[in-house]
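Participant: Before I ask anything, here is the structure I am working with.
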Amino acid sequence: MASPALADDFTGPVVGLSLAYSWGTVDGALTDGTTTFSDDTDLSGFEGGLFAGYRYQFPSKFVFGAEIGGNISNADGSYSITDGVDTAELKFEKKHQFYIDLKPGYVVQDNTLLYGLVGYQNTKFEAGGFWNGTSVGTDDDTFGGLRLGAGIEYMTEANTSLRLQYHYTAYSDKTYNYPGYTEKWDGHDSTIELGLAYNF
């Protein structure tokens, strides 16, 4: 007969890998002093990464943990804006991200954990495109933001666990000043993630 999971299964270090799908929006505005051009770009794509953390299960079945991780991404999107005379065509790519989360949770059964998360995410985006048909090259920058989410994790008897997680990230905006015009960017994204972990 299979033995039941122990009450402290969710205590200790944990490492794992994840596969995710991300979708979101980058909002942009360009001002030349008299006219403002604005639009938003929808980005979507797959991501994969690694994570590591530590958690402790209290006798009350509450669990508290912390986790760090990083993903690489192929999420991208593009848009075009025009005032009837000038046209800008821009493409955005989400390259990679790093995060740190605090993860409180509760063991609803001996092997099933429900949890929430709150943390900080730093993501690198790359932008490139054309202005009136002429290439403006590419540029990149990192944006930081607040992560909020929730998930469920199931522990097997072989010290491995499977998890399904959703999180939302709202990035802080950035403004860039150039001769004759100003650009402002901000954005947000959502992610559904499957994870496989080993619990020490």
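Participant: Among the residues in segment 118-136, are any over 28 Å from Trp185 (Cβ atoms) and among the hydroxyl-bearing types (Ser, Thr, Tyr)?
Facilitator: No - not one qualifying residue is present in segment 118-136.
Participant: Out of all the residues in segment 94-112, which are assigned to a strand (DSSP E or B), farther than 16 Å from Ser172 by Cα and touching a Ser or Thr at 6+ places or on another chain (Cβ under 8 Å)?
Facilitator: Lys95, His96
Participant: Could you please let me know if Trp185 is among the hydrophobic types (A, V, I, L, M, F, W, C) and surrounded by 15 or more Cβ atoms within 10 Å (Cβ to Cβ)?
Facilitator: Against the criterion (among the hydrophobic types (A, V, I, L, M, F, W, C) and surrounded by 15 or more Cβ atoms within 10 Å (Cβ to Cβ)), Trp185 qualifies.
Participant: Let me ask something else about it. Which members of segment 164-179 meet the condition of being in contact with a Gly (Cβ under 7 Å, 6 or more places away or on another chain), surrounded by fewer than 19 Cβ atoms within 10 Å (Cβ to Cβ) and in contact (Cβ under 8 Å) with a residue 24 or more places away in the chain?
Facilitator: Hits for segment 164-179 are Leu164, Tyr166, Ala170, Ser172.
Participant: Filter segment 94-137 down to the residues that are at pLDDT below 90 and among the hydrophobic types (A, V, I, L, M, F, W, C), then identify the one that is surrounded by the fewest Cβ atoms within 10 Å (Cβ to Cβ).
Facilitator: Trp131
The values are calculated or read from the model by the stated rules, or taken from the named source; none is laboratory data. These numbers come from a predicted model, not from an experiment. Every residue, glycine among them, receives a Cβ derived from its backbone with ideal geometry; neighbour counts consider all protein chains shown.
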